[in-house]
Structures are given as structure tokens and as C-alpha cells.
């Protein structure tokens, strides 16, 4: 099964590659991860970056772990990125992404991506400026696809977010975004769909359902992020958690019916930095067990009875 874990659980606790690699393999029983740039900032000096990237790759190889992709992470999401209102800010983000692609290739990943940025309230409320930012974004992604290809990556992944000032944030906008990129990109651009984003009811309404995203976007989806949520926040909780309402088995059924069972799924749990390390380890372990049982179990059972 293409089920793995985003390394967000390891930041500020287990940043050493041999440590998290052993945890992923021995404690969590997984061999697939999505690397996060929260563990290796692309802005770091080249000599340091090269050395640390080699340590990541070697640790993954030593423990039989596949680094399927690399993800922008929590720190980068705090910035306006490729939708910054200032052209200098957008150029800085463009450079960050190009360096990130080099890191992705160095650690052995075949894809990289994440949210692309957010518009300011001023830009988003002005139709002309909003249109300018969108055209800037298309141009930037086209340029980044060239850089990613040079780095040796096979695809870019753009995460859909539940914010109206970010792109893409709806199914329709996701399809338009990909259509508008046609002819601009050197390698494929895919969407990364986080279930906590897609089912965020304050934006999408109480009838939001994963099937809408899966059926409409289908082959355009490159990966999923899995989290426990109450549908009222971008929760990123694990299991068990009595606040969370997400049904993993139901998600697996939706994925199977949409013909997307081979798309990688990464558990992405984001813990408070102040939470005790022992509590984090216990919860990420139980979360992986829960998802393997209900996600992988559902798919395997349906395949066996098909």
C-alpha cells in the first residue's frame, strides 16, 4: 500500500536522520515518508545543506525507507510566498523553491511541493490585483517546473488550501489552475489534497464531501494528506482524539471507488511544540496503527472480495 507518514511529527524533537528513520521503520512499521523542509531549510548555506541532505539520504537507505516526495512544511507556510504583494517577496519565494527542489533531489525524492502562497487582503479584495497575482503565479509555476526538471524531479505538487486568498482553494479553481498551466510546464503538476482542507465546513459548507474532490480531480491528484479533524478547523490531530470525527475507512472507500487507490497517502499530524515527547510518540504510533487498519485494511478487503 502507498501509505506513509509526513515527517512533521519529528520536527524539533527527532531531527537527526538516523533517529527518525529508525522510528519510522521500527516503531511505526513504515517504509514510505514525505520529507519536510522544516528539517532542512533550503536557505541554509550550500555546504551545510549538501552534507545534511546526504545524511538524510543515507539514513533512509540504511533503513530501507523511500522518500517519495518533499513538502514545504510549517515554517514556509507562514509567508505569502509566490503570491506576496511585493515583487521582491515573490522573487525570494521563487528562489526558495528552486533551492528546495535541489534539496529534494539530494535526499532522493522524486517530487516536491506544497501550498504556493497567500494573497494579502488588499490584493485579494481588488479584482485587478487579484488577477495580476494569478497571472504571476502561473508564470512562476512554469518557471519552477523548468527548475524542478533540471534538478531531476518528476512532478510538482500544489496543495489545495481552505483559504479564499490562496490558490487553489476549490475544486473548480484547482481544475482551472491546471488547465491554465497547460503548455507552460516542463514536468507534470499535480494537486495534493489534504482531507482536513477539503472538508473544512466554514468555507465549503456542511455538505462538503471527499467524493466531490476525488471524482472531479481524479488523475490530477498526486498525493493525499490524512489527518483527524472536526471539520471546523485545519486540525491535524491524530488518533485517538475525542475531538476528531474523520472516518478513515470511509475515505478509503471513496478513494477506491474513484480509482485512486494507488495514489500515495501521507499521515500528516502537527503536534504542539510544548506537548511531551512521550505523548507525541504514543500518538503518532497509535495514529499510524489506526490508519493502517482502516485505510489499508479497507482497500485490501475490497480487493480480496472483488
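Values in this text are rule-based calculations from the coordinates and carry no lab data. Just so we're clear, the structure is a prediction, and the values are computed from it rather than from any experiment. For neighbour counting, all protein chains shown are included, and Cβ atoms are generated from backbone atoms with ideal geometry for every residue, glycine included.
Evaluated at q = 0.07 Å⁻¹, a Debye calculation over the C-alpha positions of the chain (equal weights, vacuum) places log10 I(q)/I(0) at -0.25. Volume per residue of the convex hull around the Cα atoms, evaluated for the range 62-180, comes out as 111 Å³. Where both bridge residues fall in the chain, DSSP classifies roughly 10% of the beta bridges as antiparallel. With Cα atoms defining each centre, the range 171-231 and the range 30-44 are spaced 22 Å apart in the structure.
For the chain, modelled as a GNM whose springs connect Cα atoms under 10 angstrom apart, the maximal fluctuation among 212, 159, 68 occurs at 212.
Counting other Cβ atoms within 10 Å as a rough exposure proxy, the listed residues 90, 184, 49 run 184, 49, 90 from fewest neighbours to most. Annotation: the antiparallel percentage among DSSP beta bridges lying fully within the range 147-306 is about 10. Stretching residue 46 away from residue 143 to a fully extended chain increases their span by 32.7 nm, per 0.36 nm per residue minus the current alpha-carbon distance. Distance between the pseudo-spin-label points of residue 290 and residue 182 (7 Å out from Cα toward the beta carbon): 4.2 nm. A Förster radius of 51 Å, combined with the Cβ-Cβ distance separating residue 135 from residue 230, puts the computed FRET efficiency at roughly 0.90. On full extension, the segment bounded by residue 243 and residue 163 gains 26.6 nm, given 0.36 nm per residue less the C-alpha separation. Extent of the range 194-306 along its three principal axes (Cα atoms, max minus min coordinate, largest first): 43, 35, 23 Å.
Structure remark: mean-square fluctuation, Gaussian network model of the chain, C-alpha springs under 10 Å; the largest value among 40, 116, 275 belongs to 275. The calculated FRET efficiency for residue 61 paired with residue 276, based on their beta-carbon distance and R0 = 25 Å, is about 0.20.
Beta bridges from DSSP with both residues in the range 1-145: antiparallel share about 10 percent, rounded to the nearest 5. Applying 1/(1 + (r/R0)^6) with R0 = 51 Å to the Cβ-Cβ distance of residue 2 and residue 92 gives a FRET efficiency near 0.90. Taken along the Cα-to-beta-carbon direction at a fixed 7 Å, the label points for residue 75 and residue 175 span 3.9 nm.
Note on residue 125 and residue 216: their simple-model spin labels are 2.7 nm apart, each label 7 Å out from Cα toward Cβ.
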